[in-house]
Amino acid sequence: MKILVIGSGGREHALIWKLAASPRRPVLYCAPGNAGTADLATNVPISAGDLDELLAFALREQIDLTVVGPDDTLAAGCVDRFEAAGLRIFGPCQQAARLESSKIFAKDFMLRHGIPTARAGSFDHPADAIRFLDTVAFPVVIKADGLALGKGVVICASRDEAVGAIRSMMEAKIFGAAGSRILIEEYLEGVECSIHALIDGEHALLFPVARDHKRVGENDIGPNTGGMGTVSPPPEATPGLIDRVRHEVIDPFLRGIAADAIPFRGMLFPGLMLTADGLRVLEFNCRFGDPETQPIMCRLRSDLPALCEAALDGRLDQVRMDWDPRAALGVVMAAGGYPDGVRKGDPIEGLERAARLPGKVFHAGTAIGAAGKVLTSGGRVLCAVGLGDTVGAAQREAYALVAAIRWRDVQFRSDIGHRAIARERA
């Protein structure tokens with residue numbers, strides 16, 4: 001079996017790692033991949049956005065299954081192109097991927113199908129958005145409509161901050177075309193978490209709950225990022241919560257895509273807020289999360305290729321998943337300056353030392369230099385994952401890996417999982 005994974009981040013390294021563990025012993029390719037995927041797969045020097053070359057490669061190599069990592073590749077219609085050529089590919093089609101690529105489209109879908117979400121207004125012109133601010137209570141959340149690498153969300157405590165965010169998105173175009181339209185949402189208080197749901201169009205299998213740490217700084221301060229770490233499961237992940245997610249989010253989602261004739265096959269990854277007034281959906285993602293995938297793949301015991309194939313074949317009602325009951329915790333190690341401008345090309349020290357320790361280090365923004373040295377090549381560079389009978393034990397294992405690795409100006413949060421650990425100690 002030949003499998004191609006599209007993407008170059010920590011999510012893709014984790015997927016390659018789990019695919020490589022399949023008893024079917026697949027031949028693996030990753031386009032374009034990173035220094036970590038190169039240990040398990042053949043890296044193919046094709047950008048995740050070059051759909052023509054990706055399709056040509058898959059046809060030439062007779063790839064049996066393609067797994068798409070990045071959201072923008074899905075939004076560009078990669079699945080549609082591959083399926084039209086008769087290739088099997090895991091991920092939603094372009095129409096379905098709009099549930100992530102347009103927050104306004106997703107909001108309208110949720111409201112239409114009774115999925116609980118924050119109240120919001122959508123805007124095409126900055127003047128209309130600014131006038132709307134006179135009708136809301138602060139703080140508010142302002143979101144770019146399109147894809148913005150997980151950074152297109154700004155929490156504004158005052159009208160002046162909100163006006164600045166609107167002008168930055170819609171006039172200064174700090175997120176490019178993604179900010180041409182915006183949502184202004186009510187600010188929700190509560191506990192944030194997320195859950196992956198494998199969807200075959202009619203049925204769903206729910207993965208364990210995870211909690212990402214979005215803010216760059218300790219104690220959840222500073223700008224939003226793509227994610228600085230994840231714990232799975234957080235203490236709120238009770239059987240009752242899973243049942244609520246299924247009945248309040250996933251079941252109406254399945255009814256909604258049927259009513260709207262949206263052919264969704266792949267991974268649904270809703271971001272959730274547990275408020276005093278109940279469960280709310282913050283957003284829909286239509287692919288594996290990053291960095292959530294890294295700890296979740298460390299807990300998955302089932303065969304990943306078989307799960308992907310069951311989703312494509314409409315057989316998820318015949319499948320059960322097996323999970324490691326231990327907690328998993330991932331700590332993102334980022335380049336200095338992230339999430340703003342970062343320097344690339346710094347040599348990473350200690351990877352061999354970390355490889356001898358318990359846990360797993362997944363590569364994200366890494367590349368292999370001319371002398372075979374692993375170098376930094378992006379904002380989020382590595383994700384160190386530990387496992388343990390408690391979140392505290394998983395945290396200790398993850399930070400032991402972090403302590404073994406260094407490069408110039410490395411940054412990471414030292415408090416990933418702090419809320420869960422405080423609950424364990426209470």
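The values are calculated or read from the model by the stated rules, or taken from the named source; none is laboratory data. Since we're looking at a predicted model, the values are computed, not measured. Backbone-built Cβ (ideal geometry, glycine too); neighbour counts: all protein chains shown. These accessible areas exclude ligands, DNA and RNA; they are computed on the full protein's heavy atoms, side chains included. Shrake-Rupley method; radii C 1.70, N 1.55, O 1.52, S 1.80 Å.
At a glance:
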{"read-out": "Pairs with Cβ under 7 Å, 6+ apart, first in the range 242-261 and of a type in the set (Val, Ile, Thr), second part of a loop (DSSP other than H, G, I, E, B) and open to solvent by less than 80 Å² (accessible area, probe 1.4 Å)", "value": "249/115; 257/264"}
{"read-out": "Odd one out for residue 54, checked against (1) over 29 Å from residue 299 (Cα atoms); (2) open to solvent by 10 Å² or more (accessible area, probe 1.4 Å); (3) more than 21 Å from the chain's Cα centre (by Cα)", "value": "(2)"}
{"read-out": "Strands (runs of 3 or more DSSP E) contained entirely in the range 204-301, each with at least 1 residues that are acidic (Asp, Glu)", "value": "204-212, 278-285"}
{"read-out": "Inter-residue pairs, beta-carbon under 8 Å, first over 28 Å from residue 278 (Cα atoms) and in the range 110-132, second crowded, with 16+ Cβ neighbours inside 10 Å and of a type in the set (D, E, K, R), 6+ apart", "value": "124/181"}
{"read-out": "Filter result for residue 114 (on the phi > 0 side of the Ramachandran plot and surrounded by fewer than 17 Cβ atoms within 10 Å (Cβ to Cβ))", "value": "yes"}
{"read-out": "Any chance residue 177 is of a type in the set (Gly, Ala, Ser), modelled with pLDDT under 95 and either farther than 20 Å from residue 292 by Cβ or surrounded by 15 or more Cβ atoms within 10 Å (Cβ to Cβ) (or both)", "value": "yes"}
{"read-out": "Looking only at the range 64-86, and only at residues there that are over 24 Å from residue 289 (Cα atoms) and among the hydrophobic types (A, V, I, L, M, F, W, C), the one that is most open to solvent (accessible area, probe 1.4 Å)", "value": "84"}
{"read-out": "Residue, surrounded by the most Cβ atoms within 10 Å (Cβ to Cβ), within the range 234-264, restricted to residues that are modelled with pLDDT under 95 and touching a Cys at 6+ places or on another chain (Cβ under 9 Å)", "value": "234"}
{"read-out": "Hits in the range 311-350 (condition: closer than 27 Å to residue 390 by Cβ and not small (Gly, Ala, Ser))", "value": "320, 321, 322, 323, 324, 325, 326, 329, 331, 332, 333"}
{"read-out": "Answer residue from the range 318-365, given it is among the β-branched types (Val, Ile, Thr) and open to solvent by 10 Å² or more (accessible area, probe 1.4 Å) and is nearest to the chain's Cα centre (by Cα) among those", "value": "361"}
{"read-out": "So residue 394, is it at pLDDT 95 or above, in contact with a strand residue (DSSP E or B) (Cβ under 8 Å, 6 or more places away or on another chain) and either part of a helix (DSSP H, G or I) or on the phi > 0 side of the Ramachandran plot (or both)", "value": "yes"}
{"read-out": "Residue within the range 69-78 that is assigned to a loop (DSSP other than H, G, I, E, B), touching a residue at least 40 places away in the same chain (Cβ under 8 Å) and under 19 Å from the mean Cα position of the chain (by Cα) present", "value": "yes"}
{"read-out": "Enumeration of residues in the range 380-397 that are more than 15 Å from residue 324 (Cβ to Cβ) and open to solvent by less than 20 Å² (accessible area, probe 1.4 Å)", "value": "381, 382, 383, 384, 392"}
{"read-out": "Every pair of residues 6+ apart whose Cβ atoms lie under 7 Å, when the first sits in the range 1-29 and is open to solvent by 10 Å² or more (accessible area, probe 1.4 Å) while the second is of a type in the set (Phe, Trp, Tyr)", "value": "11/288"}
{"read-out": "Verdict on residue 122 being modelled with pLDDT of 95 or more, under 26 Å from the mean Cα position of the chain (by Cα) and farther than 17 Å from residue 267 by Cα", "value": "yes"}
{"read-out": "Pick from the range 403-426, criterion of a type in the set (A, V, I, L, M, F, W, C) and open to solvent by 50 Å² or more (accessible area, probe 1.4 Å), ranking: farthest from the chain's Cα centre (by Cα)", "value": "426"}
{"read-out": "Selected residue (only one of 341, 345, 372 is in contact (Cβ under 8 Å) with a residue 24 or more places away in the chain, part of a loop (DSSP other than H, G, I, E, B) and over 24 Å from residue 237 (Cβ atoms))", "value": "345"}
{"read-out": "From 56, 48, 35, residue being closer than 19 Å to residue 81 by Cβ and touching a residue at least 12 places away in the same chain (Cβ under 8 Å)", "value": "48"}
{"read-out": "Options 96, 127, 137: the member that is open to solvent by 20 Å² or more (accessible area, probe 1.4 Å), out of contact with any Lys or Arg (no Cβ under 6 Å at 6 or more places or on another chain) and part of a helix (DSSP H, G or I)", "value": "127"}
